[in-house]
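Everything below concerns the one structure shown next.
Every number in this text was worked out from the coordinates using simple rules, so none of it is lab data. Keep in mind that what you see is a predicted model, and the values were worked out from it rather than measured. We place every Cβ from the backbone using ideal geometry, glycine too, and count neighbours over all the protein chains shown.
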Amino acid sequence: MEIGVVGKPNVGKSTFFAAATLAEAQIANYPFTTIDANVGVSYAIAEHPCREIGCTPNPQNYEYRNGMALIPIKMIDVAGLVPGAHEGRGLGNKFLDDLRMASALIHIIDATGRTDEEGRPTDHYDPVNDMEFLEKEIDYWIYGILHKNWDKFSKRVKLQHLKLAQAIADQLTGIGVSEPDAFEAIHRLGLSDDPTKWSKEDIMSFVSELRKINKPLIIAANKADAASDEQITRLVEEGKKRGYIVIPTSAAAELTLRKACKAGFIDYTPGDSDFKIVKNLNEKQRRGLELIKEKVLDRFGSTGVQEVINRATFDLLKLIPVYPVEDEHKLTDQFGNVLPHVYLMRKGSTPRDLAFKVHTDLGKTFLYAVNARTGRRVGEDHELEFNDIIKIVATAR
């Protein structure tokens, strides 16, 4: 799974990426700082089962901190987007190519309205405009791929009696579109199964619906500490009207806190509403942290960065953490490690899906599973739940 960090130049994309991943990213106050995509690892954070059960885990593929599981997620910071990107303006082709396989998008918007549509400094700009402009660029990009050979494609589908959703998925496999994605978009709109009957407007409506399914989007209203309450409220309300989650965010504050924590000056877990100073600071350092506490944490409850990542993972993508074990009584693997692994599974996934995630052979030889919390045996059609602990039983090969 990959989450893309997108938006205009100069709105704090690379700062958000650096704050989320602590990866090195060039940060500067001018357009197109990011030319080649930065790739790093961020974390979705969820309460760990041991907090409830009272155990001590031995994490192997995740981190454990203060009763929370930090589950790694690939994140990509792509080149800045400007109007006309789908026609190649700015770094448009590079931008669109970089986000091909993103499962979800975090759209960074300058909540202060001090960055115009090209990413240049300004005094008066309505950031609400950015919500529509990103949608439009991605829609036209997908439309361009699909419409290019539509006549030939639609006739072939009809003559050969192909499954329309599968045929479209094959056309768009390069941007990560699956048959279920295409099927859902077709049926949400009630479009004909005969593509030769589709108009250009039908194709565009389909593309727009598909984008919502295949590239769901959350908005980080960045530089929120420099924006007024009225500006933040308006962005949140306008986002709701368009079906978006909008989170007030200060990527610069999060980056400062993450770096201070890494250097051992403070104890801080991303997403917390406070931090603890654990090492002597000079006056400048102490004042800087006090300002973050006053202007960001006390005002918004957090820097917003971790909330954006969590909601993209758990709300947009509807993923749930599930812990496979070999011993359902001790909650260990074969080496005695307590809850060593966690997998993010789509909501609605089954124990067999989990078995395939762990290993292909385990999925193929799956018999049944045991819910370690209840001790009950569950079948392959059982729906997994958030923080389930599951033992998989398979036939010997």
Under a 5 Å amide H to amide H cut-off, with H placed in plane at 1.01 Å, what residues pair with GLU2 once short-range neighbours are removed? SER103, ALA104
Alpha-carbon centroid distance for the pair region 342-397 / region 180-194, whole angstrom: 31
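Using per-residue counts of other Cβ atoms within 10 Å, averaged over each peptide, order 44-52, 110-118 from highest down.
110-118, 44-52
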Under the 0.36 nm per residue contour assumption, what length would be gained going from the current alpha-carbon distance of ARG376 and ILE213 to full extension? 55.2 nm
Can you give the FRET efficiency for THR365 and THR173, using 1/(1 + (r/R0)^6), R0 = 51 Å, r = Cβ-Cβ distance, to the nearest 0.05? 0.95
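What FRET efficiency comes out for the pair LYS74/ASN337, r = Cβ-Cβ distance, R0 = 22 Å, nearest 0.05?
FRET efficiency, LYS74 to ASN337: 0.35.
Please state the shape class of region 193-290: rounded when a/c is under 1.5, otherwise prolate if a/b exceeds b/c and oblate if not, all from the C-alpha gyration tensor.
On the way: a/c = 4.97, a/b = 2.73, b/c = 1.82.
Prolate, since a/c reaches 1.5 and a/b exceeds b/c.
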Quick check: convex hull over the Cα atoms of region 236-299, volume per residue in Å³, rounded to an integer? 86
Report which label in (i) 69, 25, 20; (ii) 35, 35, 16; (iii) 30, 24, 22 holds the value of semi-axes √(5λ) of the Cα gyration tensor in Å derived from the coordinates of this structure. (ii)
³J(HN,Hα), Karplus 6.51/-1.76/1.60, whole Hz, each residue of region 333-338, x for Gly, Pro: 8, 5, 9, x, 6, 7
Can you tell me the dipole magnitude for the chain around its Cα centre, using point charges on the Cβ only (Lys, Arg +1; Asp, Glu -1), in Debye to the nearest 20? 580
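With respect to the cross-link table entries LYS74/LYS293; LYS158/LYS364; LYS152/LYS200; LYS215/LYS391; LYS8/LYS215, which display a Cα-Cα separation exceeding 26 Å? Don't jump to the answer; show the numbers that get you there.
Details: LYS74/LYS293 29 Å; LYS158/LYS364 35 Å; LYS152/LYS200 14 Å; LYS215/LYS391 33 Å; LYS8/LYS215 17 Å.
From the list (LYS74/LYS293; LYS158/LYS364; LYS152/LYS200; LYS215/LYS391; LYS8/LYS215), the Cα-Cα distance tops 26 Å for LYS74/LYS293; LYS158/LYS364; LYS215/LYS391.
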Go through 8-19, 339-350 and give me the packing order, highest mean Cβ count within 10 Å leading. 8-19, 339-350
Could you tell me which residue out of THR249, ASN222, THR350 lies farthest along the dipole of the chain toward its positive end? Charges go on the beta carbon: Lys and Arg +1, Asp and Glu -1, centred on the Cα centre. THR350
Express as a percent, rounded to the nearest 5, the fraction of DSSP beta bridges in the chain (both residues included) that run antiparallel. 60
Using θ = phi - 60° and the Karplus curve 6.51 cos²θ - 1.76 cosθ + 1.60, what whole-Hz ³J(HN,Hα) does each residue of region 223-238 get, with Gly and Pro shown as x? 6, 4, 5, 9, 9, 7, 4, 5, 5, 5, 4, 5, 4, 4, 5, 5
Difference of contour (0.36 nm per residue) and Cα-Cα distance, LYS152 to VAL41: 35.8 nm
Working out 0.36 nm times the residue gap between ALA396 and GLU52, then minus their Cα-Cα distance, what length gain in nm do you get to one decimal? 120.5 nm
Can you work out D for region 250-356 in µm² s⁻¹ from Stokes-Einstein, where Rh is the Kirkwood radius over C-alpha pairs, the temperature is 25 °C and the viscosity is 0.890 mPa s? 148
Collect residues whose amide H, placed 1.01 Å from N in the peptide plane, falls under 5 Å from the amide H of ILE266; neighbours closer than 5 in sequence don't count. CYS261, VAL278
Would you please give the residues with an amide H less than 5 Å from that of ILE389, counting only those at least 5 places away or on a separate chain, with H modeled from the backbone geometry? TYR323, ALA372, ARG373
Would you work out which of PRO180, ALA111, VAL207 lies farthest towards the positive end of the dipole of the chain, given +1 charges on the beta-carbon of Lys and Arg and -1 on that of Asp and Glu, about the Cα centre? PRO180
Dividing the helical contributions, -39500 (n - 2.57) per DSSP H run of n ≥ 4, by the residues of the chain yields a 222 nm value, nearest 500 deg cm²/dmol, of -10500 deg cm²/dmol
Once phi is turned into ³J(HN,Hα) by the Karplus curve 6.51 cos²θ - 1.76 cosθ + 1.60 with θ = phi - 60°, what whole-Hz value does each residue of region 121-130 show in order, with x for glycine and proline? x, 8, 9, 9, 8, 8, x, 4, 4, 5
